[in-house]
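Input: a single structure, listed below in C-alpha cells.
The values are calculated or read from the model by the stated rules, or taken from the named source; none is laboratory data. Note that the structure is a prediction, hence the values are computed from the model and not measured. All Cβ positions, even for glycine, are placed from backbone atoms using ideal geometry, and neighbour counts span all protein chains on display.
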Amino acid sequence: MRVVGWRRALYRHRFIDFNDPGSLGIPHFRLTNTHPNMRPSTLVLAGALLVGASASAQQFITPMDATGIMTSKEVHAITLDGRDVVGTVPACMLNMGQLQSLTIKNEAGEKIKFKAEELSEVRVKPSKFQNVSTMLSQPNMSKFLKQDFGEVLNREWVFYVQTSPPGKDKKVMMQLLNPGFDKKMKVFQDPMAEQTGGGDDKSYFVVKAGSGEAIKVKRNMYKKEALTTVFGDCKVMVEFYSGDKMRLEDFAEHVFIHDQLCE
C-alpha cells in the first residue's frame with residue numbers, strides 16, 4: 001500500500017504496509033524500501049518517532065498570561081544559587097511574554113520580590129480552571145482543534161527559564177514552550193511574532209543547549225535554513241529530512257524528533 005501526503009518526511013523515504021502487526025511496537029506498521037543513504041536502525045527509529053509525534057499532535061504549549069500566574073495554586077521561584085522559594089504570587093510583571101519580576105508570598109505570609117536576573121527558573125502549577133481557560137483561549141477553531149486536550153487539562157507545571165532575547169543583554173524569564181522535549185533546545189514565544197491565518201506564530205526564539213544564546217527562527221527563513229542554522233548540528237536529522245519542504249508549521253514536530261534522535 002503506497003501512502004502519500006500526511007507526513008512528507010516519513011513517506012518520502014519508504015512505503016508502508018499496514019498488514020504486518022507489531023513492528024516498531026506500533027500495530028500494523030512495517031517499513032520497506034528504505035532510503036539507500038540511511039542506516040535501517042536509524043530510519044526505523046526516526047519513523048517511529050515521527051509517527052508518535054504525529055499521532056499525539058506534537059505542538060508547543062499555549063503561553064500563560066499574568067492572571068494565570070497569579071491565580072496558580074503553587075509557584076516555585078528557583079534562585080541562581082539553587083534556593084527554592086515556594087508560595088503564591090500576589091503580583092508579577094509580565095510584559096510581552098517576558099516575566100520581568102514577581103513577588104512570592106510564602107506560607108508564613110512573607111512577601112519576597114524577585115527580579116528576573118535573580119532567578120534561574122520559575123515553576124507555576126496552574127489550577128484546573130486555568131487549564132480550561134488556556135484550552136479555550138485559542139485564537140481560532142483550527143488552533144483549538146489541534147490541541148491535545150488531555151495534555152492541556154492535566155497540565156501540572158508551566159516553566160519559565162532565564163534567557164536573553166536575541167541581540168539583548170538584559171536577562172528575562174520566558175515561558176518554555178516545549179517542556180518534555182527540551183534537552184537539545186529550548187523554544188520560547190517571540191513577543192513580536194506575527195501570526196498566520198491559522199493562528200500559528202511566524203517566529204520563535206530558540207536557545208540551543210550549551211550556548212545560552214537565543215536565535216530567532218522565522219517563517220520566511222525556515223525552508224532554507226532549518227537544516228543548517230537550526231538543526232545542522234545533527235547529521236541524522238539533516239539526512240532524514242534532506243529534500244523535504246521544511247515548514248515552520250511543523251517546527252514543534254521537528255524539535256521533538258531532534259530531541260529524541262540526535263546526540
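Apart from one condition, Val238 fits all of (1) without any contact (Cβ under 8 Å) to a residue 12 or more places away in the chain; (2) part of a strand (DSSP E or B); (3) among the β-branched types (Val, Ile, Thr); the exception is (2). Only a single criterion out of (1) surrounded by fewer than 19 Cβ atoms within 10 Å (Cβ to Cβ); (2) in contact (Cβ under 8 Å) with a residue 24 or more places away in the chain; (3) of a type in the set (A, V, I, L, M) is not satisfied by Met221, namely (2).
For the stretch 54-70, give me the residue count where each residue is part of a loop (DSSP other than H, G, I, E, B) and either buried (at least 17 other Cβ atoms within 10 Å of the Cβ) or modelled with pLDDT of 95 or more (or both). The number of residues fulfilling the criteria is 7.
Is it true that some residue in the stretch 235-251 is in the same structural domain as Tyr204 (by TED's automatic domain parsing) and out of contact with any helix residue (DSSP H, G or I) (no Cβ under 9 Å at 6 or more places or on another chain)? Checked against the condition, which is being in the same structural domain as Tyr204 (by TED's automatic domain parsing) and out of contact with any helix residue (DSSP H, G or I) (no Cβ under 9 Å at 6 or more places or on another chain), the stretch 235-251 yields at least one hit.
Let's see how each residue does on (1) touching a strand residue (DSSP E or B) at 6+ places or on another chain (Cβ under 9 Å); (2) modelled with pLDDT under 75; (3) among the charged types (D, E, K, R); (4) within 18 Å of Val206 (Cβ to Cβ):
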| site | (1), (2), (3), (4) |
| --- | --- |
| Ser142 | no, yes, no, no |
| Asp148 | no, yes, yes, no |
| Met173 | yes, no, no, yes |
| Gly180 | no, no, no, yes |
